[in-house]
Every structure is written in C-alpha cells, then in structure tokens.
1. Looking for whichever is touching a residue at least 12 places away in the same chain (Cβ under 8 Å), under 22 Å from the mean Cα position of the chain (by Cα), crowded, with 24+ Cβ neighbours inside 10 Å and within 15 Å of the ligand (Cβ to nearest atom) here; the options are GLY233, GLY222. Which one fits?
2. Any chance you could count how many residues in region 26-40 are assigned to a helix (DSSP H, G or I), open to solvent by less than 10 Å² (accessible area, probe 1.4 Å) and touching a Ser or Thr at 6+ places or on another chain (Cβ under 9 Å)?
3. Which residue is surrounded by the fewest Cβ atoms within 10 Å (Cβ to Cβ), if the candidates are limited to region 136-183 and must be over 17 Å from ILE315 (Cβ atoms), of a type in the set (A, V, I, L, M, F, W, C) and touching a residue at least 60 places away in the same chain (Cβ under 8 Å)?
4. For region 324-342, how many residues meet the condition of being out of contact with any Lys or Arg (no Cβ under 8 Å at 6 or more places or on another chain) and crowded, with 24+ Cβ neighbours inside 10 Å?
5. Filtering region 1-17 down to residues that are touching a helix residue (DSSP H, G or I) at 6+ places or on another chain (Cβ under 9 Å) and open to solvent by 10 Å² or more (accessible area, probe 1.4 Å), which residue is modelled with the lowest pLDDT?
6. Here is a check on your reading of the model: is GLY20 closer than 15 Å to VAL165 by Cα and assigned to a helix (DSSP H, G or I)?
7. Could you tell me whether any residue of region 184-198 is within 16 Å of the ligand (Cβ to nearest atom) and either touching a helix residue (DSSP H, G or I) at 6+ places or on another chain (Cβ under 8 Å) or open to solvent by 30 Å² or more (accessible area, probe 1.4 Å) (or both)?
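The values are calculated or read from the model by the stated rules, or taken from the named source; none is laboratory data. This structure is a prediction, so every number in the text was calculated from the model and none was measured. Note: ideal-geometry Cβ built from the backbone for every residue, glycine included; neighbour counts use all protein chains shown. Side chains included, ligands, DNA and RNA excluded: accessible areas come from the protein's heavy atoms. Shrake-Rupley method; radii C 1.70, N 1.55, O 1.52, S 1.80 Å.
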Amino acid sequence: MNQKRDSFSDKFGVIAAAAGSAIGLGNIWRFPYVLGENGGGAFLLIYLFFIVAIGVPVMLSELLIGRRAQRSVFGAFKILAPGLKFFKVVGVMGVSAAFLILSFYAVVAGWTVEYTMLAVGNQLVDKTPVELSDMFADFSSSVWRPILYLLVFMAMTAGIVIGGVKNGIEKYTKVLMPILFVIILVLCVNALLLDGAVEGLSFLFQPDFSKINGIVVLEALGQAFFSLSIGMGIIATYGSYIQKKENLLNTAISVSVADTLIAVLAGVAIFPAVFAFGIQPDAGPGLVFVTLPNIFNQMFGGYFFAIAFFVLLLIAALTSSVSLLEVVVAYITEEIHLSRQKATLLATVMVTFLGVFCVIYPFLFDSFDYVTSNFMLPISGILISVFVGWIIGKQHTKEELEAHGGSVKIVGVLIVILKIVAPFAIALVFMKNLGLLDLFIR
Ligand code: PFF
C-alpha cells in the first residue's frame, strides 16, 4: 500500500520543507518583540536552552513517528499502537488544530499580500505615522479587502500543495527558503550600517537577568514550541515523507538551527532600524505593519527595503501555511481516500470559508488562536513525547534513528527527556496558559 507514497527526494528537500514550516510570522515578527520585552540576551539564552533540550527531542519524536508509521499524523498512531486507541486523540487534535490555525494564520498572511502590493505600488511612502496607523486599522477592520487577500493567499497555498510532496511542497520550498535567507541577510547588513545599530543590538543581546522570572521562562518555552511548529503533528506528517536513508537527528538539528537563526536575524534586521528612527521597540502587533513602514519612509532605498521585507514576510507565511494545509490534505487523501486534487480543493474551500468568518467575526480569530496554542498544541506535545518515550521505547527509537547506517549515542538521554523532562515542562506551559501558575510564580 505504501510503495507509491510520495516522498522528499533529498536531504535539502526535507530541510527546506520542514524549515519552511517552522520559519514563519512567529520568527520574523513575534520573536524579536518578545525577546526585546523579556530581558534581551537573558531571554535568548533560556530560549536556546529550550530549543536544544526540549524542542529538538520533540521534533525528532514527531519525525520518528511519521517515518515509522509511513502515515500522516492522523493514521500514524493507529498503525504504531493499534491497541492504544487513546493516542488517536493526537491525530484528531493535530488535524483540527491545523485546520483552525490555518483559518486565522491565512488572514494575517493575506495582510502581508496586501502590504507587499502597497510596497510595490509605492503607497507606503510619504505617509505620516498617523496615516499609516489609520491605514492599517481601516484595512484590518474592513471586510472585503482582507477577504480578497485571504482568497489570493489561499489560492497560492493550494497551488503549491496540489502539486504533492516532491512536485509541490519540495519544489517551491527549495526555491523560496534560500530567497528568504538572502533577503533577511540583505536586511541585516542594511540594519547594521544604520546609526542605531549598536543600540539595537544591545537591546537584543544584552542579558538583563532582572527581567527574568517564572513567567518569562515559560514564555520562552511556548515561543520555542510555536516557532518550531511542534506539538501538532505537522512535523510528523512531513516525517512520513522522509526516506529511510535520511538521518532524522541531523534533520531535527538543522531545522531547529535554521529556525533559531532566522528569528535572531529578524531581530538584527528590525531593532537597529527601530532605534535609528526613534521608534518604540515594544510596539506590539503594529510593529510590522505600522511601525516598519514609517522606518522605510525615512530610509535611503526605503522603497526596495519595504518590498524586500514584505516579500520576506509573505514567503515565511506561505511556507508555514503550506505545511498546515498539507496536514489536512494528507488526512483527507489517506482516511477518506479522495485524490490529492479533490482533497486540496475541499480543504482549501473549507479553510477559506472559516477564514472568511474569522475576518467578519474577529472574536473567532482570537478564540481559534487561543484554543489551538493554549490547549491543543501543549496537550499533543505531551502525548507525542510520552508516546515515543514510553511506548515506542529505546530499542525502536534507536533502530529508527540508526536506519541510515550511522550510530546515535544519545538515545539514552533522549529517552529520559521524552519520558520525563519534556512532558513535565510542557505541562508547566499548559498550566501557565490556564492561569494555574500565576498564583505561584511571579
Ligand atoms: N512555526 C510558525 C511560525 O513560527 O510562524 C507557525 C506555525 C506554523 C505554528 C505551523 C504551527 C504550525 F503548525
């Protein structure tokens, strides 16, 4: 049944696709801002610790589950542990979370399409800060334009997913991810030449341990999960397209390094400019859509940098959305047995429909965001670690990791992390999001 399963053709294809999923709006907008607010370098150290100690092991678990089962996240648990029906909940939550996240993620991604067009049409220049802010408020609270751009964005996402794994996702991410990398490097070099470079960099990297408390630590863990796209079976689904010859540990490490690097580079690209032009670094949601256009207006070559920045954001959003749509499409093709074309069409229509509701009723947008990231992802994250740590176990994990012929010496440590450390740490994040920790940690 599985001989014809579509797969990534080589190592670069695997990494481009998985890094494409991980690197998204969370890296380029959210990470620099959260880091800036939470102690700069001190937050960065804690974040890096979580990426290495928990993020990489959980990502590896997802890759392993997918590749071993040769099924997307929904079917994987049925194959690997047919007797343990309870774990099917991970598949159910993964597919539903992907569906819900995509419906609001695509709305924000639609804004990036609009802003790319505005940048190309030179309409961000010569606007006062108030005009830019009104423009964003008008646009994001209006109905038709966001819906139009949501449709455009979903059509682009579907256009990639419909091609399949090798001829769609891999083909495009292999081109888009290097472009993203080049754009961010150019933006960084430009930022480092600005007057505010030193101030911006020290804002980002100077450790300020006085800002670190329990909540900030947990914030770093939450950001690590969201940023790596783990805890919802996306990486497991991609894992099912990875051939046996690929080394899963290297894949998990490369993707995590790429994701972290882009997040840090985004901070390097943004903050020197914020300081050079005297703008508040903690501008929040408006940072990208309101504050940055002000900066581009005042900057030499601002027209081109504005285009480069919004194209960067669009690519990041697109390759992440592709992974979200793929999870739903894989579910429909494998479990309902529709062709990929029909499945892509069906999933796209359903997600877009829900996205339209998110535009019309902003409370839906907020609730989907809240429910998925605060409830569904942490619960799945715990179950995924427990599944690999306790049920797949050391022997099979070793076998899977060594399938390419190499030897993996850290399996023992990995299993301890998966059995105990990761579930416990994720449970803390989950409790924090429920407000249960606020009583104890300040
Ligand atoms: N990792 C993406 C980002 O940092 O923007 C967001 C994301 C994509 C989260 C896909 C979850 C997901 F399944």
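1. Details: GLY222 fails: crowded, with 24+ Cβ neighbours inside 10 Å.
Every option except GLY233 fails the conditions.
2. Residues meeting the conditions: 3.
3. VAL143
4. The number of residues fulfilling the criteria is 7.
5. Result: ARG5.
6. Values: closer than 15 Å to VAL165 by Cα: yes; assigned to a helix (DSSP H, G or I): yes.
Here the answer is yes, as GLY20 does meet what is asked.
7. First, pick out the residues of region 184-198 that are within 16 Å of the ligand (Cβ to nearest atom): 184.
Now restrict to residues that are either touching a helix residue (DSSP H, G or I) at 6+ places or on another chain (Cβ under 8 Å) or open to solvent by 30 Å² or more (accessible area, probe 1.4 Å) (or both): 184.
Yes, the conditions are met somewhere in region 184-198.
So that you can scan it fast, the table gives a plain yes or no per residue for (1) at pLDDT below 85; (2) more than 25 Å from LYS11 (Cβ to Cβ); (3) touching a Gly at 6+ places or on another chain (Cβ under 8 Å):
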{"position": "MET156", "(1), (2), (3)": "no, yes, no"}
{"position": "LEU176", "(1), (2), (3)": "no, no, yes"}
{"position": "PHE181", "(1), (2), (3)": "no, no, no"}
{"position": "LEU185", "(1), (2), (3)": "no, no, no"}
{"position": "VAL198", "(1), (2), (3)": "no, yes, no"}
{"position": "LEU201", "(1), (2), (3)": "no, yes, no"}
{"position": "SER227", "(1), (2), (3)": "no, no, yes"}
{"position": "ILE230", "(1), (2), (3)": "no, no, yes"}
